[in-house]
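S.K.: Take this structure, written in C-alpha cells, and hold onto it; I'll ask about it next.
Bear in mind that the values in this text are calculations on the coordinates, not laboratory data. These numbers come from a predicted model, not from an experiment. For neighbour counting, all protein chains shown are included, and Cβ atoms are generated from backbone atoms with ideal geometry for every residue, glycine included.
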Amino acid sequence: MGAACRSLAAALLLLCAALPAGAAPSATAHVFLVQNSGWMEPFYTDPASQFKPLVGALAGAVVQPGDALVLAAFNQSMPNAPSPRALLSFKAEPKAVRSRVDQALAGLEVARKPGSAALADTDLGEAVQAAIVSALGGKPGIVWLVTNNRNSPNNDQATAARNREFYQLIHRGAAIDKVVAFALRMPVQGRHYSANGLMVYAFAVGAPGERALDALLASGRVASVITERPARLKPLDRDTVRLSPAQVENAPGVAFSQAPGGTLRADVDPDARTPQASIRWQLENAMYPYTITSAELSARSILAGEDRKIVLASSRVDQLAPGRPVPLGSTMQLPVAQLPDKWSMAALKSAGSAYVLPGQIELRLAKQKLALSQDFRQRMAALFPGDPLPDIFTPPSTVQASRAVLPLEVRVHYGMAPLAVLGGLAAALLAALGAAAWAYGRPRLAQLTVEDEPRTMRARPGTVQPIYDKAGAQVAQLKTTLFGHQLLDVREGAQVRLGR
C-alpha cells in the first residue's frame, strides 16, 4: 500500500491544484482506475476491443467542467513497480476530457512483473484503497474502477476468496458511502486469453460523492455510455423500495400524484375534512440485483408535527423481485385539523397558489432477507463463464433491516374567492370612510332666528361658534355635528332659536 500511495503522490498534488479552495461547491473529484494486469491482455491486444474507447467516453460523459480528474492504471504493486500509476491529472474544461483521456490511454499496455516476462497480477482492493487514501486524499469524490473482476494478487488462483475480500472492503469501508456496478458485454480474443465482458464499478466516497453519483445516474449521463442497468452493492439498508400511489379511495377532495424527483404530492381541497384516506400503492424493489425474499413491513407518516402510523393491508412481503411492483393497500391519516381555514391569514396569503405542509412517509422493512436475482446470476454466468463472481454478491448477513423515505407535500389550493370578497369589503369600507371624511369636512348650513331676525350660518362638523344679538353681545353658541346642530350656553332671556 505504501508504494501505491507514493505512486499517486504527484496525482494528489495535481488534484489539489485542480480543486482550489475557492472551487465551486458542486465540483466533483473523479478517479478512474483502469486495470492493465495480465488477465486484461485480450482487452489490450484485440484490434476490435472497445475497452479504451469505453473509458474515454465514460470520462467524457460524467466529468463536468470544473471537476478534477485523475486517471491511473493498476495491477498489483511490487518493488520498483508501484500500482496504481498515475497517467493523467487535471481540472476539466468543456469538450476536452474525452480527448485527453484517449491520448493518455493510447500508449497503455499490459503490465509485466519487474525483470520478468510474466504478466502482472491484480489487486482490486489495493487499487481502490490507494484511490481513496492517496488520489482523493480522504476527501469526497467518485472512484471509477474498470476491471475484468479477476482479483488474483500474487497469482492466487482462489479468485473467489480474493473477490470476497474485495466485496468485504465495499461493505466495511467506512469511507465508501455507495457502490454501483455495471456488467458489460465485450467479447475479446487475445493471444493468451479471451473474455466476454467487463465490470465497471463506481465508488462514491463521502456524502457529497454519493449525491454526485446519484445526480449522474439520474441525469442519464452514465446511461448515455453504459446502457446496462446499475447493480447496487451498497447501501442495502436504505432506499430499498419505492412507493408510488395508484388510487385514492374514500377521500373526496384529495388527490395524490408523484412530482419530478420522487416527492409525493397530496392536493387537498380547502373544504376537504376527511380524517383519513385509503390509498393503494405500487411497491417496487429498488435494489437490483437483489430479490427481497421476505420482510416485515411497517409504515408511518410525519406531517404537520404529527407522527402517525399508516395501517397497511399487508404487513409482509415475499419474493419481491427488482422491477416487478406489487400492490399494497393502506389507510393514512390526513392532517385536516392542521389545515388553515380558508378565511385565515395563511390561506389568504396563499390565495391563487398552494399552501404547502412538508412531511414524509417512512416505510420500514424488518427481518429482511435478500437473495441475488436469478436474472443477474444468469447474466454473470454468460459474461464471466467459470468465474465464481455471483457468489461474492451475496448480501451481508448484517443487513436485516432497511428503510425507505418518501418526501411528502400536502398542498391546499385556496381559490381567489375569499380574497375577492375581502377585497370587496375593503373597497366598500374605504368608500364609506371616504364618504364619511367628505361629509365630515363639508360645511353645513344652520338656519337660526335671533331677535326675530332670520340668519344663516356655515359650520363644519365638530365646531362650536358664538352667536351674537343685534347689539353685538354673545347670546349663545352653535355646535355642529355630523347629525345636525344644537344651541349651547343660551343666555337667560335671549331670543334665539334654531330654524325660522
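S.K.: Return, for the Cα atoms of region 215-263, the radius of gyration and Dmax in Å, separated by a comma.
M.R.: 16.0, 47
S.K.: For 193, 468, what's the fewest-to-most ordering of other Cβ within 10 Å of each Cβ?
M.R.: Ordered from fewest to most neighbouring Cβ atoms within 10 Å, 193, 468 come out as 468, 193.
S.K.: Going by how many other beta carbons lie within 10 Å of each one, how would you line up 210, 93, fewest first?
M.R.: Final ranking by Cβ density, sparse to dense: 93, 210.
S.K.: Okay, moving on. Students often forget the sequence filter, so: which lysines lie under 17 Å Cα-Cα from residue 369 once same-chain residues fewer than 8 apart are removed?
M.R.: 234
S.K.: Among the trypsin sites (Lys or Arg not before Pro) within region 160-257, which fall in a DSSP loop and have no more than 12 other Cβ atoms within 10 Å of their own Cβ?
M.R.: Hits after loop and neighbour filter: 191.
S.K.: Would you calculate the separation in nanometres between label points at residue 482 and residue 449, each defined as 7 Å from the Cα along the Cα-to-beta-carbon direction?
M.R.: For residue 482 paired with residue 449, the spin-label model returns 3.1 nm.
S.K.: Highest first, please rank the peptides 471-484, 33-46 by the mean number of other Cβ atoms sitting within 10 Å of their residues. Write out the running numbers ahead of the final one.
M.R.: Working: 471-484: 13.6, 33-46: 22.8.
In descending order of packing, they fall as 33-46, 471-484.
S.K.: What percent of all Cα-Cα pairs in region 444-498 falls into each 5 Å bin, going from 0 up to the bin containing the maximum distance?
M.R.: 5, 21, 35, 24, 12, 3, 0
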